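The values are calculated or read from the model by the stated rules, or taken from the named source; none is laboratory data. Here the structure is a predicted model, which means the values were calculated and not measured. A quick note on method: Cβ atoms are made from the backbone with ideal geometry, for glycine too, and the neighbour counts reach across all protein chains shown. Protein only, heavy atoms only, side chains kept; ligands, DNA and RNA dropped before computing areas. Shrake-Rupley method; radii C 1.70, N 1.55, O 1.52, S 1.80 Å.
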Amino acid sequence: MEFKEAKNKFVQTWGALGSQWGINKTMAQIHALLMVSNEPVSMEDIMEELQISRGNTSMNLKALMDWGIVYKEYKAGERKEFFTAEKDLDELAVKISRERSKREIKPTLKILKEVSSIDANNSAEEKHFVDQTSKLYDFVLKADNMLDKMTEFNDNWLGKLVIKMMK
């Protein structure tokens, strides 16, 4: 397999995988392209490589920067904006985990707490509903707390040292 074909296959696969993570395919493809590029890439080059519009490119780059996994870079003498992705995979995992928790888990916890707090005096069905949603709330809260601890652990120097020793 030639380099160009391998690169395209990776970008397409990462794009498909991204949609399973809750982000759109184009956002994941842009991230993949930037992640495997050894130099910062201009918006025009991203548009050409992925055959997408300027608006689509701009919107998805902004979203990736909001996630903290893509950065804007400037080159002396260039008027174009260039972009690069987080290359440290541990840091990438932490940033994605935090963002997904903020966007998905925390709102779900809020709803689970709300629905499990209803008065369940009228029927066995209501009591069962409250019992099950309370258990689900407790489970998701524990999972989110564990995720928070793991990302905090990765932030401190001792945690980083332990992780490096485990590799």
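Filter segment 75-111 down to the residues that are part of a helix (DSSP H, G or I) and either at pLDDT 90 or above or aromatic (Phe, Trp, Tyr) (or both) and list them by number.
Of segment 75-111, the ones part of a helix (DSSP H, G or I) are 89-111.
Lys106, Pro107, Thr108, Leu109, Lys110, Ile111 - these are the residues of segment 75-111 that are part of a helix (DSSP H, G or I) and either at pLDDT 90 or above or aromatic (Phe, Trp, Tyr) (or both).
Take the conditions among the hydroxyl-bearing types (Ser, Thr, Tyr), touching a strand residue (DSSP E or B) at 6+ places or on another chain (Cβ under 7 Å) and either without any contact (Cβ under 8 Å) to a residue 60 or more places away in the chain or open to solvent by less than 30 Å² (accessible area, probe 1.4 Å) (or both) and apply them to Ser42. Does it pass?
Values: among the hydroxyl-bearing types (Ser, Thr, Tyr): yes; touching a strand residue (DSSP E or B) at 6+ places or on another chain (Cβ under 7 Å): yes; either without any contact (Cβ under 8 Å) to a residue 60 or more places away in the chain or open to solvent by less than 30 Å² (accessible area, probe 1.4 Å) (or both): yes.
Spelling it out, Ser42 is indeed among the hydroxyl-bearing types (Ser, Thr, Tyr), touching a strand residue (DSSP E or B) at 6+ places or on another chain (Cβ under 7 Å) and either without any contact (Cβ under 8 Å) to a residue 60 or more places away in the chain or open to solvent by less than 30 Å² (accessible area, probe 1.4 Å) (or both).
Table: residues versus (1) among the charged types (D, E, K, R); (2) farther than 23 Å from Val140 by Cα; (3) within 15 Å of the chain's Cα centre (by Cα).
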{"position": "Ile69", "(1), (2), (3)": "no, yes, yes"}
{"position": "Ser97", "(1), (2), (3)": "no, no, yes"}
{"position": "Lys110", "(1), (2), (3)": "yes, no, no"}
{"position": "Glu114", "(1), (2), (3)": "yes, no, no"}
{"position": "Asn121", "(1), (2), (3)": "no, yes, no"}
{"position": "His128", "(1), (2), (3)": "no, no, no"}
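Just to be sure I understand, how many residues within segment 126-159 are open to solvent by 50 Å² or more (accessible area, probe 1.4 Å), modelled with pLDDT under 60 and in a helix (DSSP H, G or I)?
The total comes to 3.
So, in segment 16-30, of the ones that are surrounded by fewer than 13 Cβ atoms within 10 Å (Cβ to Cβ) and in a helix (DSSP H, G or I), which residue ends up modelled with the lowest pLDDT?
Across segment 16-30, the extreme among qualifying residues is Gln20.
Under 7 Å between Cβ atoms, which residue pairs at least 6 apart in sequence (or on different chains) link something in segment 47-74 that is assigned to a loop (DSSP other than H, G, I, E, B) with a partner that is β-branched (Val, Ile, Thr) and open to solvent by less than 90 Å² (accessible area, probe 1.4 Å)?
Ile52/Thr26; Ile69/Ile96
Inside segment 1-15, can you point out the residues that are open to solvent by less than 70 Å² (accessible area, probe 1.4 Å) and either not in a helix (DSSP H, G or I) or not aromatic (Phe, Trp, Tyr) (or both)? Steps first, answer last, please.
Within segment 1-15, the first condition is being open to solvent by less than 70 Å² (accessible area, probe 1.4 Å), and the residues that meet it are 6-7, 10-11, 14-15.
Passing the criteria: Ala6, Lys7, Val11, Gly15.
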